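**Student:** Right, I'll just put the structure down here and ask away after.
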Amino acid sequence: MRSDSTRERGYHMERAQILAIDIGTTGTKSVVFDGRGNPLASATREYSVDIPYPAYAEQDPNLWWEAVVSTVKEVLASPRVRRERIVGVGLSGQMHTSVLLDKHNEVLRPSITWMDQRSVQEVERLKQEFGIKELLRMTANFPAPMYTASHLLWIKEHEPDVYRRIRKVLVAKDYIKFLLTGEFSTDPSEASGTYLFDVINLRWAHDLVQYLGLHIDSLPSLSESTTVIGKVTPEAARVTGIPEGTPVVAGSADQAAGAIGGGAVEEGRVSSLIGTAGVVAVCSRRPQADPELRMLCWAHAVPKLWQILGVMQTAAAALKWFRDAFGENDDYAKYDLIVEQVPPGAGGLIFLPYLMGERSPYWDPKARGVLFGLRLYHRKPHVIRAVYEGVAYGISHLSGIMRQMGIPVNEIRALGGGNKSTIWRQIQADVTGIPVLYPDALEGSAFGAAVLAAVGVGLFATIQEATERLVTIVDRREPDLNAHRVYSAMHEIYVSLYTANKELFQKLDAIVAGRTGTNCNPQVRP
């Protein structure tokens, strides 16, 4: 349903204010926007990820709520914010991260996050039970340890007492929505990350839910991302300061919200996020499973659109690694100036940014970073440019696979901290041969959540209308054809390097792990 509260309370777009909350992996951000999409106040609180054992990654959901309360109070106290003008609350959040509640709606255990890799064996058993073809039919995706279903299978196997007490399964954003409204609700973009969802038909995958031994009522109800799912309760209003009765909109996964914040809401538009990791997603009018198990298929927050996407395990983190390891006190602005002085191709250097393995398209945790083509004449500027180009080659590789799958790829919307670099955006255009547009979306997923809320409470009729009015393109990079010819030849080598080294990656991994009788300890004293 669409809220009529803005009309009933006499608000116009110029006077309305929207509160957006983004529950991230390392911090929560709350932002208040005006009706034109301008941020009025912003606050962030950081928290940590617990690593109790290798391959584990957990968080206490109470940390998110404490961060929500403190950041919301801070932004509402801003002199630019008027509480009585808050017409809606929008949310986005980290995907996959499971929150398990008992019959009293109390949290049963720390949340297993999307970073966690403990459930490898459970994923293999799932493949054996159903087979990949059947799993693709049921979900349009292949299983992996990051998914909520994988977390549940591990808990069922290793913590049966906890598992028997589960009454509700939520993820991070939807748990915060429950605390605000008392409602159990999710949206298709977020449900796509549970691996309990039929992405093609936009409904829960009953066979998988049954396989996990859960009842369908254990899962939240499904609503479109612009649906008002409830209102702020008296208790939540008392704790946070949000006016009681304020409409709360369903919201979306952070990835989908980020794409909306960048205006990637039409078929053929690609959102290219260069953050710690990288995400390349194209809007498609039809869901499409990848039979070669390279790309993911998730529902977009935009109705009747899906996202075909690939995830790069290391993107901007590769440049940070270089700076921390070799750059002394270098800053990234200095790197941009250095890179501009090196011609395309980095003097014949090619960098594989697989510093923590790689997800799309290989899904190989044993993959390693490679700097290929070194000669005596190479210097630091060549290596820095090779890092920039290596990430761009990865983006081009994924966008090329999208085209192979028959999905149009017309333009790239550049998102994330790495894309603040003008030269990195130009390199992406030159490598891919696709125009790269840079939207003024500095608040990232929180801005996308605000757009969804603005549509939900009636400020705009559709997400497309809202983004057309609110998203501003501040820079456009067209491909340089001469540079593109150089990069096309280099990209062919880039793609070949993984295949040529895959077996060697596995052998090296075995040596480092000591499985061959040789223990090569990778830790080096500083």
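The values are calculated or read from the model by the stated rules, or taken from the named source; none is laboratory data. The model shown is predicted, which means the values in this text are computed figures rather than measured ones. Because the Cβ atoms are built from the backbone with ideal geometry, glycine has one as well, and the counts that use them run over all protein chains shown. These accessible areas exclude ligands, DNA and RNA; they are computed on the full protein's heavy atoms, side chains included. Shrake-Rupley method; radii C 1.70, N 1.55, O 1.52, S 1.80 Å.
**Student:** Any chance you could check the Cα centroid distance between segment 414-460 and segment 287-315 for me, in angstrom?
**Tutor:** Comparing the Cα centres of segment 414-460 and segment 287-315, I get a distance of 18 Å.
**Student:** Send over the semi-axes of segment 123-269's equivalent ellipsoid, whole angstrom and largest first, taken as the square roots of 5 times the C-alpha gyration tensor eigenvalues. Write out the running numbers ahead of the final one.
**Tutor:** On the way: eigenvalues 166, 90, 27 Å².
The three semi-axes for segment 123-269 are 29, 21, 12 Å.
**Student:** Across the Cα atoms of segment 310-365, what radius of gyration and what greatest pairwise Cα-Cα distance (Dmax) are found, in Å?
**Tutor:** Computed over the Cα atoms of segment 310-365, radius of gyration and Dmax are 13.2, 35 Å.
**Student:** Quick one: divide the alpha-carbon radius of gyration of segment 463-508 by 2.2 N^0.38 Å and tell me what you get. Working shown, then result.
**Tutor:** Details: Rg = 19.7 Å, N = 46, 2.2 N^0.38 = 9.4 Å.
Rounded to two decimals, the normalised Rg is 2.09.
**Student:** Which of the trypsin sites (Lys or Arg not before Pro) found in segment 355-410 are loop residues per DSSP with 11 or fewer other Cβ atoms within 10 Å of their Cβ? Could the numbers behind the result be given before it?
**Tutor:** Values: sites: Arg359, Lys366, Arg368, Arg375, Arg379, Arg385, Arg403; in loops: Arg359, Lys366, Arg368, Arg375, Arg379.
Sites meeting the loop and neighbour criteria: Arg375, Arg379.
**Student:** Give the Rg/Rh ratio for the chain, taking Rg as the radius of gyration of the Cα atoms and Rh as the Kirkwood radius, to two decimals. Don't jump to the answer; show the numbers that get you there.
**Tutor:** Details: Rg = 22.9 Å, Rh = 23.7 Å.
Over the Cα atoms of the chain, Rg/Rh equals 0.97.
**Student:** Next question, about the same structure. Just how much of Lys73 is accessible, in Å², when a 1.4 Å probe is used and the result is rounded to the nearest 10?
**Tutor:** 110 Å²
**Student:** Sorting Glu267, Glu106, Glu389 by accessible area (1.4 Å probe), largest first, what list results?
**Tutor:** Glu106, Glu267, Glu389
**Student:** Using θ = phi - 60° and the Karplus form 6.51 cos²θ - 1.76 cosθ + 1.60, what ³J(HN,Hα) does each residue of segment 49-58 get, whole Hz, x for Gly and Pro?
**Tutor:** 9, 7, 10, x, 9, x, 6, 8, 7, 10
**Student:** Compute the Cα gyration tensor for segment 194-302, then decide on rounded, prolate or oblate, letting a ≥ b ≥ c be the square roots of its eigenvalues: rounded whenever a/c is under 1.5, prolate when a/b is larger than b/c in the other cases, and oblate in all that remain.
**Tutor:** oblate
**Student:** For segment 105-200, what is the convex hull volume of its Cα atoms per residue in Å³?
**Tutor:** Details: hull volume 9.6 nm³, N = 96.
Measuring per residue, one finds 100 Å³ for the Cα hull of segment 105-200.
**Student:** Among Pro79, Tyr47, Ser119, which residue has its Cα positioned farthest towards the positive end of the charge dipole of segment 1-150, with +1 placed on the Cβ of Lys and Arg, -1 on the Cβ of Asp and Glu, and the dipole taken about the Cα centre?
**Tutor:** Pro79
**Student:** Starting from the residue with the highest accessible area, list Thr26, Thr226, Thr422 in decreasing order, probe 1.4 Å.
**Tutor:** Working: Thr26 90, Thr226 15, Thr422 60 Å².
Accessible-area ranking of Thr26, Thr226, Thr422, largest first: Thr26, Thr422, Thr226.
**Student:** Okay, which of segment 318-339 sit inside 15 Å, backbone N to the point 7 Å along the Cα-Cβ direction of Leu508?
**Tutor:** none
**Student:** How are the alpha carbon pair distances in segment 325-415 distributed across 10 Å bins from zero to the largest one, expressed in percent?
**Tutor:** 14, 38, 35, 11, 1
**Student:** May I ask which residue of Ser192, Leu202, Pro220 lies farthest towards the positive end of the charge dipole of segment 171-233, with charges of +1 (Lys, Arg) and -1 (Asp, Glu) on Cβ and the Cα centre as origin?
**Tutor:** Working it through, the farthest residue towards the positive pole turns out to be Pro220.
**Student:** Beyond 28 Å, what percent of the Cα pairs of segment 319-473 remain? Write out the running numbers ahead of the final one.
**Tutor:** Values: 3843 of 11935 pairs.
The proportion of pairs with Cα distances above 28 Å equals 32 percent.
**Student:** Could you work out the relative contact order of segment 319-462? I mean the mean sequence separation of Cα pairs under 8 Å and 6+ apart, divided by the number of residues, in percent.
**Tutor:** Details: 154 pairs, mean separation 28.3, N = 144.
Once divided by the residue count of segment 319-462, the mean separation gives 20 percent.
**Student:** How big is the Rg/Rh ratio for segment 156-205, C-alpha atoms only, Rh by Kirkwood, two decimals?
**Tutor:** Working: Rg = 12.7 Å, Rh = 12.3 Å.
Here the Rg-to-Rh quotient is 1.03.
**Student:** Name the residue from Pro143, Tyr163, Leu180 whose Cα lies farthest towards the positive end of the charge dipole of segment 129-185, charges +1 on Cβ of Lys and Arg and -1 on Cβ of Asp and Glu.
**Tutor:** The listed residue farthest towards the positive side: Leu180.
**Student:** With respect to the cross-link table entries Lys177/Lys334; Lys231/Lys304; Lys320/Lys502, which display a Cα-Cα separation exceeding 32 Å? Mind dumping the intermediate values first?
**Tutor:** Values: Lys177/Lys334 42 Å; Lys231/Lys304 26 Å; Lys320/Lys502 25 Å.
Flagged as over cut-off: Lys177/Lys334.
**Student:** May I ask you to evaluate 6.51 cos²θ - 1.76 cosθ + 1.60, the Karplus curve with θ = phi - 60°, for each residue of segment 185-197 and list the ³J(HN,Hα) values in order in whole Hz, giving x for glycine and proline?
**Tutor:** 8, 9, 10, x, 5, 6, 4, 4, x, 8, 6, 10, 10
**Student:** About the Cα centre of the chain, how large is the charge dipole given +1 on each Lys and Arg Cβ and -1 on each Asp and Glu Cβ? Please answer in debye to the nearest 20.
**Tutor:** Details: 56 positive and 58 negative charges, 73 e Å.
My answer is approximately 340 debye.
**Student:** Which of rounded, prolate or oblate describes segment 53-142 when judged by the alpha-carbon gyration tensor and an a/c cut-off of 1.5? Numbers along the way, then the final one.
**Tutor:** On the way: a/c = 2.97, a/b = 2.12, b/c = 1.40.
Note, shape of segment 53-142 comes out prolate.
**Student:** Under unit Cβ charges (Lys, Arg +1; Asp, Glu -1), what dipole magnitude, rounded to 20 debye, does segment 179-313 have relative to its Cα centre? Intermediate results must be reported in sequence, preceding the final value.
**Tutor:** Details: 8 positive and 14 negative charges, 54 e Å.
Computed charge dipole of segment 179-313: roughly 260 debye.
**Student:** With +1 on each Lys and Arg Cβ and -1 on each Asp and Glu Cβ, how big is the dipole of segment 383-497 about its Cα centre, in debye rounded to the nearest 20? All intermediate terms of the calculation are to be shown ahead of the outcome.
**Tutor:** Working: 9 positive and 11 negative charges, 27 e Å.
In debye, rounded to 20, segment 383-497 gives about 120.
**Student:** Follow-up question, since we're still on this one. So what is the accessible area of the chain per residue, in Å², with the probe set to 1.4 Å?
**Tutor:** Values: 21980 Å² over 526 residues.
Value returned for the chain: 42 Å² of accessible area per residue.
**Student:** For segment 149-247, which chymotrypsin sites (Phe, Trp or Tyr not before Pro) are in a loop by DSSP, counting at most 10 other Cβ atoms within 10 Å? Spell out each step's value before the answer.
**Tutor:** On the way: sites: Trp154, Tyr163, Tyr175, Phe178, Phe184, Tyr195, Phe197, Trp204, Tyr211; in loops: Phe184, Tyr195.
The qualifying sites: there are none.
**Student:** Follow-up question, since we're still on this one. Ignoring ligands, DNA and RNA, please state the percent of accessible area on the chain from carbon and sulfur, probe 1.4 Å.
**Tutor:** Values: 11100 of 21980 Å².
So the carbon and sulfur contribution to the accessible surface is 51 percent.
**Student:** Do the alpha carbons of any pairs in Lys73/Lys173; Lys29/Lys73; Lys29/Lys168 sit beyond 20 Å of each other, and which pairs? All intermediate terms of the calculation are to be shown ahead of the outcome.
**Tutor:** Numbers: Lys73/Lys173 18 Å; Lys29/Lys73 12 Å; Lys29/Lys168 26 Å.
Pairs exceeding 20 Å: Lys29/Lys168.
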